[in-house]
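Chemist: This is the structure I want to talk about, given as structure tokens.
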Amino acid sequence: MAERADPILRTHDLHRDFGGVHALRGVDLQVRRGSITGLIGPNGSGKTTFFQVVSGVDRGASGEVWFDEQQILGLKPYEIYQRGLARTFQLSRVFPNLTVLENLVVAAHRHDAGARERALGLLERVKLQDYLQVRGEDLSYGQQKLVEFLRVLMSEPSLILLDEPAAGVNPTLRQTLWEMVRHLNALGTTFLVIEHNMEVIADLCTEVYVLSEGEIIAHGDFAAIRNDERVLEAYFGKARTPAADRGHDAHA
Amino acid sequence: MPARQMLLAALLVGLALVIPQFASDYYVSFLLQLLMMVALAQSWNLISGMTGYVSFGHAAFFGIGAYAGTLLLQGGSPWWLTVLEAGAIAGLVSVPLGLLTLRLRGPYFAIAMLGLNEVGRAIATLWVDVTRGGNGITISPAILPSLSSNYYTMLLLAAAVTALTAWVYHRRFGLELRAIREDEGAAEMVGVNTTRNKLTAFVLSALVPGAVGTVYAFYTSYVNPSSVFSPALNIQMIVMVILGGSGTVWGPVLGATLVMILRELLWANFPALHLAAVGGLLLLCMLFLPGGLLSLGQSRRRLRAELAKGGGSG
């Protein structure tokens, strides 16, 4: 789907403090409708906190979060989900004692008569149709992550936040997952993705935001941010310039 | 509910309907107590089995119902209406209590509910003008319903709460409750209004104990604080549900029946041992069958399915 200029998600001056720790410091971020936007940064930079705040799990933040032109900061997670913003978790959180089918159906909208059929269709698409009655806890970790991803698709959200969806997933399932993301994006779903694999970010995302110590330090396309000195410093601790690299080689 | 289970339910209710026609009062009394425990265990299952919020204070609703029913009956209300009114009162009381206690999770909720039961007992003991304190209230036989009326009312209550559990279990509401039990945070993240669902389940789980408490008061013709606000009664509900299968439709029925029959058999012959036997059974169950006795059937079905799958692919 072609991206549109109007943002589906916009945060302004978003702050979140935990005692003396400033997890988010005035984060301004825009996710364009129809895009796959990346959110990267070193460990502890505030990426998951950002997801927690935007999805309503953490309601202790200040600032503004606009989704589809509506302020959603302070809403409960289920209210945000029902408005069309869904997320996955860094570590799989399938319902362990519910079957795969139940895991999916429970995430559909309440009066959705076609939930079961949609669940079957999604499972067939990722070749998990034989696992309908298998309990969540009996799946492999990669399958659990996939089911968790399918679960948020049940409500046909317009924006999905993916928190390291491919972590711990085997290469085949990972491929399936990214193919689904591309397919859904082509159909109009917007994604904001936290991912540590830079090849995936480069391949998938049209725009990337870089968080470091709770601040957005760079944004733009991947080619632009990969050479940004602030980004290199955040990741490697100091600016790596070609000259510095040559000097380092010379000393080696 | 699957057709086979409907048939089983119809058979059980049919059997319970005709037993008083040929059984002695002793057996009718025993069955009445069994049905009472089925109704209570099933009610506890509605909130604690379904959502994982373990209540140590559901006897409070039983106690509220017992006192409310006794006072209403003495005030001139027809006995059958009293049963309904007591259930409604327990349900009404449960709304603010649920709003307060369901904010807590895990052991905090359990302890808050235990405290609630103790508060109920204290009120019943200290509000002497209304409850006659520790002396309790004896109901005049002239206004009491007969044993068979109490029996059939208890049967109706046990059947109603089992039917309600089955209805909830097979509905979207039941699925949402089970999702809350599995992971409340994740449930909320997929659109489940956890506060509303938990409160609804809590109120539903309080209605029947209120009504059952009234029938129990009629049956014993006497009510006092320690007999109805009884932590032991609450522990029995928990034991029965865990033994049969928590969060299932038939687990509480099976658990209550098994424990009551065991108790009856052991009580007469080994009075010192019967509680130890029930405790031992529970321990074995928790160690080897954490899903309760009903999970035995499910494990077998799963094993058969696994074997069939292995056979098919090999």
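Chemist: Translational D (Stokes-Einstein, µm²/s) of region A:16-68 at 37 °C and 0.692 mPa s when Rh comes from the Kirkwood sum over C-alpha pairs?
Modeler: Rounded to a whole number, D works out at 269 µm²/s.
Chemist: I want the antiparallel fraction of DSSP beta bridges within the protein assembly as shown, as a percent rounded to 5.
Modeler: 60 percent
Chemist: Points 7 angstrom from Cα along the Cβ direction at B:R103 and A:D28: gap in nanometres?
Modeler: 3.8 nm
Chemist: Note down the relative contact order for chain A as a percent, whole number, built from C-alpha pairs under 8 angstrom at least six residues apart.
Modeler: Answer for chain A is 25 percent.
Chemist: Would you calculate, for chain B, the mean residue ellipticity at 222 nm contributed by helices, counting each DSSP H stretch of 4 or more residues as -39,500 (n - 2.57) and dividing by all residues, to the nearest 500?
Modeler: Estimated from H runs of four or more residues: -25500 deg cm²/dmol.
Chemist: Something else: Where is the GNM fluctuation largest for chain A (alpha-carbon springs, 10 angstrom cutoff): A:A234, A:A223, A:A115?
Modeler: So, out of A:A234, A:A223, A:A115, the one fluctuating most is A:A223.
Chemist: Treating the beta-carbon of each Lys and Arg as +1 and of each Asp and Glu as -1, no other charges, what is the dipole magnitude of region B:3-313 about its Cα centre, to the nearest 20 debye?
Modeler: 780 debye
Chemist: Hey, with R₀ at 41 Å, roughly what FRET efficiency would A:D68 and B:R171 work out to, going by the Cβ-Cβ distance, to 0.05?
Modeler: 0.85
Chemist: For chain B, what does the relative contact order come out to in percent, with C-alpha contacts under 8 Å and a separation of six or more?
Modeler: With pairs under 8 Å counted, the relative contact order is 31 percent.
Chemist: Two decimals is fine: what is log10 I(q)/I(0) at q = 0.10, 0.12 Å⁻¹ for the protein assembly as shown, from a Debye sum with one equal scatterer on every Cα and no solvent?
Modeler: Log-scaled intensity ratios, in q order: -0.91, -1.12.
Chemist: Beyond a 27 Å Cα-Cα separation, which of these cross-linked pairs lie in this structure: A:K47/A:K145; A:K127/B:K198; A:K47/B:K198?
Modeler: Violating the 27 Å Cα-Cα cut-off are A:K127/B:K198; A:K47/B:K198.
Chemist: Compute the whole-percent fraction of alpha carbon pairs in chain B spaced more than 32 Å apart.
Modeler: That fraction is 28 percent.
Chemist: Can you list the residues of region A:141-160 with backbone N under 13 Å from a point 7 Å past the Cα of A:N170, pointing along Cα to Cβ?
Modeler: Counting only backbone N, you get A:141-144.
Chemist: Please report, in Å, the Rg and the Dmax of region A:1-132, where both are computed over Cα atoms only.
Modeler: According to the Cα coordinates of region A:1-132, Rg and Dmax are 17.1, 50 Å.
Chemist: Also, I was wondering about something else. For n ≥ 4 DSSP H runs only, could you compute -39500 (n - 2.57) per run for chain A, divide by its residues and tell me the 222 nm figure to the nearest 500?
Modeler: -10000 deg cm²/dmol
Chemist: Direction-averaged shadow area of the convex hull around the Cα atoms of chain A, nm²?
Modeler: 15.4 nm²
Chemist: Another question about this same structure. First measure r as the distance between the Cβ atoms of B:L15 and B:S227, then evaluate 1/(1 + (r/R0)^6) with R0 = 22 Å and state the FRET efficiency to the nearest 0.05.
Modeler: 0.15
Chemist: Please give the direction-averaged projected area of the C-alpha convex hull for region B:45-89, in square nanometres with one decimal.
Modeler: So the Cα hull casts an average projection of 3.3 nm².
Chemist: With a Förster radius of 56 Å, plug the Cβ-Cβ distance of A:F236 and B:A276 into 1/(1 + (r/R0)^6) and report the FRET value to the nearest 0.05.
Modeler: 0.25
Chemist: With each pseudo-label sitting 7 Å past Cα toward Cβ, what's the A:M198-A:N227 distance in nm, one decimal?
Modeler: 1.4 nm
Chemist: What is the spin-label model distance, in nm, from B:V95 to B:S140 if the labels are put 7 Å beyond Cα along the C-beta direction?
Modeler: With each label placed 7 Å out from Cα toward Cβ, I get 3.5 nm.
No lab work stands behind these numbers, since they all come straight from the coordinates. Bear in mind the structure is a predicted one, so any value in this text is a computation, not a measurement. Every residue, glycine as well, gets a Cβ built from its backbone with ideal geometry; the counts of neighbours run over all protein chains shown.
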